[in-house]
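Here the structure is laid out as structure tokens; the discussion comes afterwards.
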Amino acid sequence: MDREPGIESNLPTSVNLQTALRFEEVAALLEAQNGNPERARMYQRAAEALRRSPRSVRQILDTEGEAGLARVPGIGEALARQIRTTLSSGRLPILERLRGETDPVAMLASVPGIGRKIAHRLHHDLGIDTFEELEAAANDGRLELLAGFGQKKVSSVADSLQGRTGRAGVSSSSIPPVEEVLSVDAEYREKAAANALPKIAPRQFNESNQASLPVLHTRRGDREYMAVFSNTARAHKLERTRDWVIVYADQGAEELQYTVVTGREGALAGKRVVRGRDAECRAYYESHQPVAV
């Protein structure tokens, strides 16, 4: 039977449906994990908008760019960025985190200049699991020892990572102060110790598929935070899976990632430290020293 005129144009495209389903799952998982209800509703509204839209988000991105996606009612700047990431990589990082499916190789491969093959070598040969570790390897010369990495490529990777780790290339107003990241870390560890957090089943190192990884969703001002214990191969090898905490900060236009650990030496020994921001942590602790009387 022939379709009535106009019916086809009102049906959502396949890519819109796929993206809508992912956004709906994000909304459901945020709700199940005691995330911000308004944030969950934002993803649900976006999913409904995608289902209604007669235009393919891929077509909009190709012809109007990310700004065009942001103009779609119900989407906005933050979700436009996530749609662009999904269309270019096939991944929706927030969904992977909520599922407990964070894949270090896929994460490393998302850095411009690093494909999946090189990402696999970085992970397995150099033991790199996070953006902070990759940035350290770029700065200490280890990347240059890896075949395929010349000085120009190393510099390009380092420049790209500065934005992702929040040390440069991101507007200063979007970089959370270390005391804020440390406060999220403290809240997470306190609630995890009290068994007061929902748990997810991580994909890696979890043969029994048990929901064993506590997850925190919290907020500081305009920033949404998610925190989980590190479940990387390196954390397991060094027996730091209940010490290293991965903190994700999302303020709409930028999404940053930090690893908080217990300092092992020097002035920061025994103190919680945001990796890569040691100097700021030292200044923070010095300013919070008890005044002698």
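The values are calculated or read from the model by the stated rules, or taken from the named source; none is laboratory data. Nothing here was measured: the structure is a model prediction, and the numbers come from that model. Glycine gets a Cβ as well: all are built from the backbone with ideal geometry, and neighbour counts include every protein chain shown. With ligands, DNA and RNA removed, areas are computed over all heavy atoms of the protein, side chains included. Shrake-Rupley method; radii C 1.70, N 1.55, O 1.52, S 1.80 Å.
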Taking region 112-125 and keeping residues within 18 Å of the chain's Cα centre (by Cα) and modelled with pLDDT under 80 leaves Pro112, His123
Taking region 214-237 and the residues there that are part of a strand (DSSP E or B) and in contact (Cβ under 8 Å) with a residue 60 or more places away in the chain, the one that is most open to solvent (accessible area, probe 1.4 Å) would be Arg219
Of the listed residues (Ala196, Ala267, Ala211, Ala186), the one being open to solvent by 20 Å² or more (accessible area, probe 1.4 Å), free of Cβ contacts under 8 Å to residues at least 24 places away in the same chain and in a helix (DSSP H, G or I) is Ala267
Residue hits (region 41-66; open to solvent by 60 Å² or more (accessible area, probe 1.4 Å) and over 17 Å from Phe23 (Cβ atoms)) are Pro54, Gln59, Asp62, Thr63, Glu64
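Just give me the residues in region 29-51 being charged (D, E, K, R) and within 16 Å of Tyr225 (Cβ to Cβ), in sequence order.
Within region 29-51, the subset charged (D, E, K, R) is 31, 38-39, 41, 45, 48, 51.
Scanning region 29-51 gives Glu38, Arg39.
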